[in-house]
Structures are given as C-alpha cells and as structure tokens.
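Laboratory data are not the source of any read-out in this text; all were calculated from the coordinates shown. Predicted, not measured: the structure shown is a model, and the values here were computed from it. Don't worry about glycine lacking a Cβ; one is built from the backbone with ideal geometry, like all the others, and counts go over all protein chains shown.
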Amino acid sequence: MKIVVCVKQVPDTAATMVVENGIISWGDAPLIINPWDEFAVEAALNLAADHGGEVTALCLGKEEETEAIKHALAMGADAAVMVSDPALKGSDNVAASKVISAAITKIGEVDLVLFGQQSVDTDTGLLPVQVARLLKWPSLTLVSKFESITPAENSLQVIRSMEEGNQVVESQMPAVVSVTKDYGEPRFPSFMGIRKASKAEYPVWSLADLGIDPPSSAITWPEVKEPIENEIITELIDGDSPEEKAKNLIEKLIAEKVL
Amino acid sequence: MTKKILAYIDHFHGKVQSSSWEGLGLAAKIATDNGGEAAALILGEGVNNLTQQAFHYGADQVYLADHSILKDFRPEPLTELIAAAVREYQPDVIIFPTTTRGRTLAGMAAVDLDTGVMVDIIDLDWGGDKLTATRPIYAGKLYAKLNCSSSPEIITLRTRAFEKPEPDTGRSGTVTNLEVKLNPADLATKVLDHQEKASGVSLTDASVIVTGGRGTANNPALAPPDDLDEEGAEVWKAEKGFELIQNLADVLGAAVGASRAAVDAGYIEYDHQVGQTGKVVSPDLYIACGISGAIQHLAGMRSSKVIVAINKDPDAPIFGFARFGLVGDMHKILPPLTDGLKAYLEG
C-alpha cells in the first residue's frame, strides 16, 4: 500500500499570538507539527506495518518550514515531499487543496491519503474533504478506527464520528481519511529516528514541477486582530464554610440571570 | 447586494441539529434587510415533515430531496444535490451550520461550485456588496475578517453564535422537489452500521457546561481499593470527582467537559475535552472545577458569557478569566452547590 500523510508546521499551542503591523506573530515560541497530524502519522505507520507498504509525508509550506516533515520522518515515515512556491502565498483552502491534489497525483498510485482532523492555526478542517473532492475519491472524515483494510479488493472499513454517534463505513480505495485523537496516542520519535530525520533529504516541488498554474483564491483576510478583551472584574466568593461559599455563589448566579 | 440566501438544514435521520435553524434565521434576517428571500435545503429520507418547520423558522421556499439513497450521511451524493439545488435556485449565499456534516458538505460544495468557504464564523456584516465575516483563528487567540470574491459565497456558522429564531407557525411557502438521479451502485461508500452515542448533553450545543481538570483526582478524603496501583488509584479518585461534576451538570441540564490534562491522564473520554485540541465552546455559563487554566484550555472557552472558577490554588490563571472565583476544594463545594441549585431550580 502507498500511503500519503499530509502534515503542516504550526506554532506551539502554548504560544501567545499577537498581531504586529497586520502580521501574525508568535514571538519566539517553538514551531511544531500540527498536533492533530501526529494521529494521522501514527495511523499511517500502523497501517503500513500491518498491510505492507510505505508512508510518504507531504507538506505544503515555505521551504524552511521543516518541523512537520522532520517530525513525521522521525516517527518513522519512509519518505517526504515538500511543496513550496512563492506564488502560493495567501492561498485559501481550495487553492491549497488543488496543489496538494496535484502533488498526490504526481506521487502516483496512492491508495490512502491521511490528514489530521484540522490544523490548530486556521482550524478550517476543509483540506481533507476538498482534496478528496478534487481527486474524486471518497472522503471519510473524523475516523477513530480502521476496522479492516483489504488491499487486494481496494476496500476499507472505518469508524467515523458525528454528533449523534459513530458510523461504520465501507469504502473503496483510494480514499482520503481524516484521523481524530480517538485513534490513539502517537508514538514519540526515537533517538535513531530523530538522527535519521535530521539527515534526510527529500524533494521540494514547485508549481512548475507539478505542472500547474498558481490556483486563484476566493477568500481574502483584510484584517486580523487580537480579540478585544472585555475587562473581566473577578468577584471572589467568600464564606466561612464550603456550604456558605456555595450558597453565596448561588445568590450571585441568580442575580446574574444565568440559571 | 445579497438577495437570495440558501440555508442547509443539517439533521441525523430527520432529527435536526438546532444550529441549522440558527442558519435559517440568519438567512431570513439578511433577506428581510436586503429585500430578498430565504430558502431552506432539506436532503434525506423521510424528511418531508421538516419542510413545515423550515417555513416556521423563516424559509420562503424549501428545496427538498426525500429519497432512500440519502438515508445515511454520505457526503458525495449530498454534495451532488447541493450543487443541483444551487443551479436551480442561484443563491448569492449558502449557509451551513458548523456541524461535522455541515463543515464537510460546505467544503465539498465549494469545490464543485468553484468558490470559497468562510468557516465557523461568529459574526457577519451583510451591509455591503459582499459579506464580511469574522472568525476566530488559533482557537480564538486571534480574530480574522474574511471576504469571498467569488459567488455563491459559502459560510458555516459557529453553533450558538447566531440567534435561533422563534418559530412562527403562521408562515408557509412553496416546496420545490429536486430530482434524485443517483444510482446506489455508483457510490463508493456504504454505511454498514450506526453506533449511538451514550446520551448526554452535547458540549457545543450546551448553554451550561461544568468542566473538571486534574483537581478531580485530588480528594484526600477518599481511600481507593487496595488492589489498585498508583495510576489506577488516581483514575479511581478522578472518576469519583467527575461524579460530583456529573451530578451538578444533571441539575443544571449541562454538558460535562474536561481539560486536556484530565483526558490525557485517562480520567474521562476525549469526547469531553474543551480547548485548542478539543472542542471550542461558548455557553452562557461555564463552571470550571479543579482546572488551572492553561492557555490551550482558555482558548477553547474564554468566549463563555459567565465563567465560574472553583480551584484550591488562588494563583491559578483561570481566576483571571472568571466572573466569579471561588477559592476552595471542589470536592467540598460541589455537593452543597448541587443541593442548593437543585432546591432553587425545583422551588
């Protein structure tokens, strides 16, 4: 099986985000692999181990944004591809999906494409479904478990989640799957893995390499700002005993009309 | 000017996600302001009865496909029908709720219609030629304004960010049936089974949420069974702590949430996690028990209207975001708080 796992570099989730002269900044906070993507890499590695095959990490970003690719390689991915082109600056989700689809087509003979459920920066969760739609492959979102895969029959069975519960879905392959945290803990990169990843070489493809023109973007962001903090005046609830504190809190909540 | 708005009604086997009505309410409001009209799009099997509700919630027209092939949620056939409805109705804007299904369908429809999506928006300005939407990014650490230069403009609404309209049972309208030309054999997926989720109030819909953190395991008065190892004893204690949280939630009709620390320690399932890598919520009342308030947790709940923090540590960052702070042991405070609220709400 040939599995592609899409990964993205993002600022650490503990970073404080600020906007300076219209530009988003996270100060000197570390850059990390998008935390959701780690579950997708874990799933890809397990599927390749169980059914034979190789895992390629695919990343769209600036050439120097290597953190996600290095992490996926250190976890055990066999290969990586970076897609980078100055013309991609300001791409919206549809444009990014067109580029990722073209890269998957260029990688060739892919059976499964895995994504994390969304990225922690822009939080849209659109890429997995839009890449699926562009490739005309089934889209299986929010998958917590791979029940079975039958490569010989090009079919797989997964459990995916919705508000009301879980769906057991049978699908043809190739397919695009987004993986949730419920899949299970991702492994830590081993020391050997980290060493291998630090020396790994991988191709960087431009749009010309993919044979496509810069896709146009419909969505623009005319303004990004920090949220206006309503000044919160914290009222401390006092009392001589837990019972009295509870009683005083109830009175405050009644007065606040939130019950 | 935005004149024709199509609202997608998301449902599961005919049970509507209430945020769909928030979307239809917004569609009707824009239509009224701009002298236009609102239509609802209802796709499924056995969903005929939803058309009346759609009129009551503000639709002037309903586009309907009621067909056995649409019984289970499968995004591919639904996207085909959304595209078909758009060709027929020619809307300027399509509104989806940001449910798991709504997000998927909005994204796929955007590819078919070659347009863009503004996802999970919390505010909308429809005064100009084009919409200006506001959405949180980095889990609410920043806010972005967005425009979409193509048409139709697709938006998905964050649950509870827009008002749910009062139904007007006197309203009615016209129904247009969409032709379903799909053949089951052409579809690449099949839904084999559905596993119901254990009942409980959903976090994203809840108007009140009670959340527990690491502090749920810190009740020194409890003696865990002898046969448990250290980790087992900790989880056992935390489960007792979450029982107190569940009791309070039951009295308030609230959903139960948890911090990432509590989920990672195995105290409660991931489904309950609030925060940057969990669910982002904005209830009217958020009661945080034994939670210190890591930045990732705050990102997921700081837009709650009233935050109550109960924590032993007076220096916990959560107090800086709380309207009401209560320094004390949650295990001692929750029982009288639950009893007192029960007495008040029943009296």
* For a label point 7 angstrom out from the Cα of A:THR16 toward its Cβ, which stretches of region B:113-141 have the backbone nitrogen within less than 20 Å? -> B:137-141
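Under a point-charge model restricted to the Cβ atoms of Lys and Arg (+1) and Asp and Glu (-1), what is the dipole moment magnitude of region B:189-248 relative to its Cα centre, in debye to the nearest 20?
Values: 5 positive and 11 negative charges, 79 e Å.
Computed charge dipole of region B:189-248: roughly 380 debye.
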* Exposure proxy check: B:ARG302, A:ARG195 ranked by fewest other beta carbons within 10 Å? -> A:ARG195, B:ARG302
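Using Cα-Cα distances under 8 Å and only pairs 6 or more residues apart, what relative contact order does chain A have, in percent? Present the calculation step by step, with values, prior to reporting the outcome.
On the way: 493 pairs, mean separation 59.1, N = 259.
Answer for chain A is 23 percent.
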* Structure fact -> Between the alpha carbon centres of region B:31-105 and region B:333-347 the gap in Å comes to 43 Å
* Label A:GLU235 and B:GLU196 with points 7 Å out from Cα along Cα→Cβ: what is the distance between them in nm? -> 4.2 nm
* Asked: Ranking A:ASP240, B:ASP271 by Cβ neighbours within 10 Å, fewest first, what do you get?
  -> A:ASP240, B:ASP271
* To do: Could you tally the net charge around A:VAL94, taking each other residue with its Cβ under 12 Å from the Cβ of A:VAL94, Lys/Arg +1 and Asp/Glu -1?
  => -1
* Pop out the ³J(HN,Hα) list for region B:135-152 in order, Karplus 6.51 cos²θ - 1.76 cosθ + 1.60 with θ = phi - 60°, rounded to Hz; leave Gly and Pro as x. => 9, x, 10, 6, 6, x, 6, 9, 10, 10, 9, 10, 10, 10, 7, 9, 9, x
* Structure fact -> The set of residues whose placed amide H lies less than 5 Å from the amide H of B:LEU131, leaving out same-chain residues fewer than 5 positions away, is B:CYS148
* Separation between the B:THR169 and B:VAL235 pseudo-spin-labels, each 7 Å from Cα along Cα→Cβ, expressed in nm? -> 5.1 nm
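Under the definition of Cα pairs under 8 Å and six or more residues apart, what whole-number percent is the relative contact order of chain B?
Numbers: 737 pairs, mean separation 47.2, N = 347.
Here the relative contact order equals 14 percent.
Note the full-extension length gain between A:GLN172 and A:ASN154 as 0.36 nm times their separation in residues minus their Cα-Cα distance, in nm to one decimal. Walk me through the numbers on the way to the answer.
Working: separation 18, 0.36 × 18 = 6.48 nm, distance 0.58 nm.
Gain on extension, A:GLN172 to A:ASN154, equals 5.9 nm.
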* Structure fact -> Under 12 Å by backbone N from the virtual spin label 7 Å along Cα-to-Cβ at B:GLU88, the residues of region B:24-56 are B:40-43
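Can you put B:LEU298, A:LEU156, B:LEU345, A:LEU207 in order, fewest other beta carbons within 10 Å first?
Working: B:LEU298 22, A:LEU156 27, B:LEU345 11, A:LEU207 18.
Least crowded to most crowded, the residues run B:LEU345, A:LEU207, B:LEU298, A:LEU156.
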* Two-site FRET efficiency, B:LEU345 against B:SER68, from Cβ-Cβ distance with R₀ of 51 Å, rounded to 0.05 -> 0.70
* Structure fact -> Whole-Å distance linking the alpha carbon centroid of region A:116-138 with that of region B:131-149 is 18 Å
* **20 Å reach of a label modelled at A:GLU243, 7 Å along Cα-to-Cβ, counting backbone N of region B:320-340** => B:327-340
* Farthest toward positive dipole pole in the protein assembly as shown [+1 Lys/Arg, -1 Asp/Glu at C-beta], among B:ALA309, A:PRO189, B:THR104 -> B:THR104
* Dipole-positive endmost among B:LEU337, B:HIS272, B:ALA261 within region B:204-347 (Cβ charges, Cα centre) -> B:LEU337
* Structure fact -> Under the 7 Å Cα-to-Cβ spin-label approximation, A:GLU54 and A:PHE191 lie apart by a distance in nanometres of 2.9 nm
* Put +1 on the Cβ of each Lys and Arg and -1 on the Cβ of each Asp and Glu in chain A; which of A:SER206, A:LEU45, A:THR13 then has its Cα farthest toward the positive end of the dipole? -> A:SER206
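If you stretched the chain out fully between B:ASP129 and B:ASP186, how much longer would it get, using 0.36 nm times the residue separation minus the C-alpha to C-alpha distance? Intermediate values should be presented prior to the final figure.
Numbers: separation 57, 0.36 × 57 = 20.52 nm, distance 4.05 nm.
The B:ASP129-B:ASP186 span can extend by a further 16.5 nm.
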